[in-house]
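What follows draws every value from the coordinates through simple rules; no lab data is involved. All figures in this text were calculated on a predicted structure; none of them were measured in a lab. Note that each Cβ is placed from the backbone with ideal geometry, even for glycine, and that neighbours are counted across all protein chains shown.
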Amino acid sequence: MKNILAILAIIILTACSKEQKDYVILKGTLINPTTGDIVIQGRNFNKTIKVDATGNFEDTLSVSDGMHNFIYNQQRVSLFLKNGYDLTMTFKSANFMDGIGFSGLGQETNRYIEQKKSFLKSDESNPKNYFKLNEEDFKKAIAATESQLETWSNNAPKVDSVILKSDIKNNKLFIRYINKRYTMEHAKMLRLAKGTVSPVFIDYENNAGGTSSLSDFKGRFVYIDLWATWCGPCKKEIPAMKALETKFHGENIVFLSISLDKKSAYKTWKNMIEEKNMGGVQLIADKDFSSDFTIAYDVSSIPRFVLLDTEGNIIDADAPRPSDPALTLLLKEVLR
């Protein structure tokens, strides 16, 4: 009888020891930490984790299984947290964009998420890079990407099933979207390909007085900025645009900004040009996003930038923005 009781006690203790914890242990060491705490945010969840002077942090979190944001000094990382995880984060540098490693229980799922994040930042995730290919190259490229995505999913047996099922579904939707849109989007890109004649605008109101048409600038390179006063990202590019105008002052290029504001924002447009001391040529489109020029360039979001040569032909229908160093290199190349 005593032996039976002893065996039962061992079974009970073993079962208890294997029972999943109802919390997550999260720890790690930040590189070159500054002042401030870590914030973990999830659905109906928000908790602050203290960071010591050397960057170490550790805490227990009672969470609802799912995606959470790890936030520190305006940087954030997406984590999958599940009660029972004992997860250690390894940072490569103070910049989260350089990558983060994981060890401990829960590492496989979060490594998978980091791997997928790298894919989403790569050229392979940008539909435009598929749409610009000819049909033969497109078929090869999309097949290679589909194979790569399937390989990742098939080689991830320890990834949480919730994440894996969602990701497999999203991968299929991505491939389906690219295949469905290719013919139409490829035709659009051919119409706006390098060397083709640019669509034109006629008699747009010029802030300096009178009107201007694209033909007025023939003989000069033209860098066009399609923007609006309500567009935050557009306004962030204004300082860089002004710096470019200064840098290339005296060169054979005109910096041309076309506002897509509605007529009701006309005064706002005029005032912003004055308040921000905006240079270059400042025009306003005749029918905001419904203008023929905007429709011809298939503008669905702003800011959007276009670079034309001296004959009014397209150099780049989706040119780099002013803050992108690639634009300076491109302008130096075409102007030399």
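Remarks
- Candidate cross-link partners of K158 among the aspartates and glutamates, defined by an alpha-carbon separation under 18 Å and a same-chain spacing of 8 or more, comprise D65, D86, E108, E114, E150, D167.
- Contact order normalised by residue count of the chain, Cα under 8 Å, 6+ apart, percent: 12
- Expressed per residue, the C-alpha convex hull volume of the range 19-105 stands at 84 Å³.
- Once the chain from T328 to S64 is taken as fully extended at 0.36 nm per residue, the excess over their C-alpha distance is 90.2 nm.
- Our Cα-only numbers for the range 204-335 put the radius of gyration and Dmax at 13.7, 40 Å.
- FRET efficiency estimate (nearest 0.05) - Cβ-Cβ, V197 to E146, R0 41 angstrom: 0.70
- The chain, helix-only ellipticity at 222 nm - DSSP H runs n ≥ 4, -39,500 (n - 2.57), divided by all residues, nearest 500: -12000 deg cm²/dmol
- Taking every C-alpha pair closer than 8 Å and separated by at least 6 residues, the mean separation divided by the residue count of the range 88-135 gives a relative contact order of 22 percent.
- Rounded to 10°, Cα long-axis angle of helix 107-121 versus longest principal axis of the chain: 10
- Helix 161-191 vs. the chain, principal-axis angle (Cα, 0 to 90°, nearest 10): 10
- Label sites at S301 and S166, each approximated as a point 7 angstrom past Cα along Cα to Cβ, lie 2.1 nm apart.
- Model label zone, K139; criterion: amide N under 19 Å from point 7 Å along Cα-to-beta-carbon; scope the range 162-202: 175-187
- Which label in [x] 104, 50, 40; [y] 62, 50, 48; [z] 61, 46, 39 gives the computed Cα extents along the principal axes in Å: [x]
- The spacing between the range 73-113 and the range 266-311, judged by their C-alpha centroids, is 42 Å.
- Relative contact order, whole percent, for the range 19-105 stands at 34, derived from Cα pairs under 8 Å and 6 or more residues apart.
- Loop-located GluC sites (Glu not before Pro) across the range 265-336 with a Cβ neighbour count of 15 or fewer within 10 Å are E311, with loop assigned by DSSP.
- Virtual spin-label span in nm between L335 and N206, 7 Å along Cα→Cβ: 2.1
- On Cα atoms only, tilt of 2-18 relative to the major axis of the chain in degrees: 10
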